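> First the structure, then my questions, so here it is.
The values are calculated or read from the model by the stated rules, or taken from the named source; none is laboratory data. All figures in this text were calculated on a predicted structure; none of them were measured in a lab. Note that we place each Cβ from the backbone using ideal geometry, even for glycine, and neighbour counts take in every protein chain shown.
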Amino acid sequence: MSIIESMLPQGVSMETVIIIMASLSALTVFLMIYVTLLAGDDGIKRARAIGAQRDGMRAGAIGPVRRKKRLQTIGMMQKTVENMKLLKSSQAEKVALKLMKAGWRSKDAMVRYFFFKLVLPFAFGIIAVTLLYGLKLYQMEDSTRAMVAIGSVALGAYLPDILIKNAAQKRQDAIRKTIPDALDLMVICSEAGLSLDATLMRVAEEMERGAPEISDELTVTGLELGFLPDRRKALQNLAARTDLPILRGLVNTLLQAERYGTPLANSLRVMARESRDQRMMRAEEKAARLPALMTVPMIIFILPPLFVVLLGPAGLDIADFFGRM
């Protein structure tokens, strides 16, 4: 019996592991083909989402003629969430803000979050109990088995928050990288005499393909400036959704320009230069950390083959010499 077979659970052979790995590989290839060829265009999805949000803000500004009796259900998840009144809880506003930071603004995103937040702990717990206590795939002590089951429940409880946090962090990094280019375009538009609303919409249109994240944020801000009664609130929403210092400074600059009528182009030009300097400093910081990060890979993967290539012939010659003696 090999070492790998000794590490497998009881009743699981090497052939079974190979079949499972081959099936997972085939499934991965199928999903990659589906995402590449059959999935819809992200730009079309973003345009539809922004259009739906614009229609909602327009309906709110006009005022509904009659309040609907109840929301139409869209499936089992929404029924479960509505029955437990999770959308009306005190955490709903905080959850909506977290989802907006990750780029998910629809109500369906909140429904999915609350549903999986409720279901995943039970699902992970049932799977862990079935595998550890029912099937007994792994031989463990009772205390270790209990800790693994509790850890599975905790993982299911925190998994939605972890995924949202990672998505928000990636979105913030993408926005941070493209802010200098957006500020340069805003300088050009403001010097050309465009208003703030037209500037934001024009910059969002120009950056839709290269930087969809900042384009979405600017588009939503432009729509809110047109529909919300308080323009200050629309700009503050931009800072809250992105949660970036450079955009908070941009919002303060735009608020001052709106309130006092100060020249906007000069302030935007200064902010564009500062943001570009910050981007260069972050790149230099990553480059300075590179030698320390490459030390361990060099020791493990590069130096041993190098020693074999350099010292191998000498070692073989020494071995032949002592062999002839």
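> Just checking, which of Met140, Met147 is without any contact (Cβ under 8 Å) to a residue 40 or more places away in the chain, hydrophobic (A, V, I, L, M, F, W, C), part of a loop (DSSP other than H, G, I, E, B) and out of contact with any Pro (no Cβ under 7 Å at 6 or more places or on another chain)?
On the way: Met147 fails: part of a loop (DSSP other than H, G, I, E, B).
Step by step, each of Met140, Met147 is checked, and only Met140 is without any contact (Cβ under 8 Å) to a residue 40 or more places away in the chain, hydrophobic (A, V, I, L, M, F, W, C), part of a loop (DSSP other than H, G, I, E, B) and out of contact with any Pro (no Cβ under 7 Å at 6 or more places or on another chain).
> Out of segment 136-181, which residues are of a type in the set (D, E, K, R) and under 24 Å from the mean Cα position of the chain (by Cα)? Even if it seems obvious, please write down each step before you answer.
From segment 136-181, those of a type in the set (D, E, K, R) are 136, 141-142, 145, 161, 165, 170-171, 173, 176-177, 181; that's our starting set.
Passing the criteria: Asp161, Lys165, Lys170, Arg171, Asp173, Arg176, Lys177, Asp181.
> Sticking with this one: Residues being more than 28 Å from Ile164 (Cα to Cα) and hydrophobic (A, V, I, L, M, F, W, C): count how many of those fall in segment 116-130.
Counting residues in segment 116-130 that are more than 28 Å from Ile164 (Cα to Cα) and hydrophobic (A, V, I, L, M, F, W, C) gives 0.
> Oh, and also: So Gly193 passes all but one of these: (1) in a loop (DSSP other than H, G, I, E, B); (2) more than 25 Å from Arg232 (Cα to Cα). Which condition number does it fail?
Result: Gly193 fails condition (2) only.
> Report yes if Lys233 is more than 26 Å from Lys170 (Cβ to Cβ) and out of contact with any Ser or Thr (no Cβ under 9 Å at 6 or more places or on another chain), otherwise no.
Values: more than 26 Å from Lys170 (Cβ to Cβ): yes; out of contact with any Ser or Thr (no Cβ under 9 Å at 6 or more places or on another chain): yes.
Answer is yes for this residue.
> Do you know which residues across segment 240-251 are in a helix (DSSP H, G or I) and either in contact (Cβ under 8 Å) with a residue 40 or more places away in the chain or touching a helix residue (DSSP H, G or I) at 6+ places or on another chain (Cβ under 7 Å) (or both)?
Step one: filter segment 240-251 for residues in a helix (DSSP H, G or I), giving 240-242, 245-251.
Across segment 240-251, the qualifying residues are Ala240, Arg241, Thr242, Ile246, Leu247, Arg248, Gly249, Leu250, Val251.
> Here is a check on your reading of the model: is Asp216 within 18 Å of the chain's Cα centre (by Cα), buried (at least 22 other Cβ atoms within 10 Å of the Cβ) and not hydroxyl-bearing (Ser, Thr, Tyr)? Reasoning before the result, please.
Details: within 18 Å of the chain's Cα centre (by Cα): yes; buried (at least 22 other Cβ atoms within 10 Å of the Cβ): yes; not hydroxyl-bearing (Ser, Thr, Tyr): yes.
Taking the combined requirement at face value, the residue satisfies it.
> I'm checking my understanding of the structure. Among residues of segment 100-113 that are at negative phi and small (Gly, Ala, Ser), which one is modelled with the highest pLDDT?
Restricting to residues being at negative phi and small (Gly, Ala, Ser), the top hit is Ala102.
> Of all residues in segment 188-203, how many are over 19 Å from Leu225 (Cα atoms) and either in contact (Cβ under 8 Å) with a residue 60 or more places away in the chain or buried (at least 18 other Cβ atoms within 10 Å of the Cβ) (or both)?
The total comes to 1.
> If we keep just the residues of segment 74-99 that are at negative phi and loosely packed, with under 11 Cβ neighbours inside 10 Å, which is modelled with the highest pLDDT?
So in segment 74-99, the residues at negative phi come out as 74, 76-84, 86-99.
Filter once more, keeping what is loosely packed, with under 11 Cβ neighbours inside 10 Å: 76, 83, 88, 90, 93-94.
Values: Met76: 76, Asn83: 77, Lys88: 75, Ser90: 73, Glu93: 82, Lys94: 86.
Among those residues, the one meeting the criterion is Lys94.
> Of the conditions (1) at positive phi; (2) touching a Gly at 6+ places or on another chain (Cβ under 9 Å), Asp197 clears all except one; give me its number.
The one condition Asp197 does not meet is (1).
> For segment 252-266, does any single residue satisfy the condition of being at positive phi, in the same structural domain as Thr199 (by TED's automatic domain parsing), free of Cβ contacts under 8 Å to residues at least 24 places away in the same chain and loosely packed, with under 10 Cβ neighbours inside 10 Å?
In the first step, residues of segment 252-266 are kept if they are at positive phi; the result is 261.
Still in the list and also in the same structural domain as Thr199 (by TED's automatic domain parsing): 261.
Within this subset, residues satisfying the condition of being free of Cβ contacts under 8 Å to residues at least 24 places away in the same chain are 261.
From what is left, the residues that are loosely packed, with under 10 Cβ neighbours inside 10 Å are 261.
Yes, segment 252-266 contains at least one residue that is at positive phi, in the same structural domain as Thr199 (by TED's automatic domain parsing), free of Cβ contacts under 8 Å to residues at least 24 places away in the same chain and loosely packed, with under 10 Cβ neighbours inside 10 Å.
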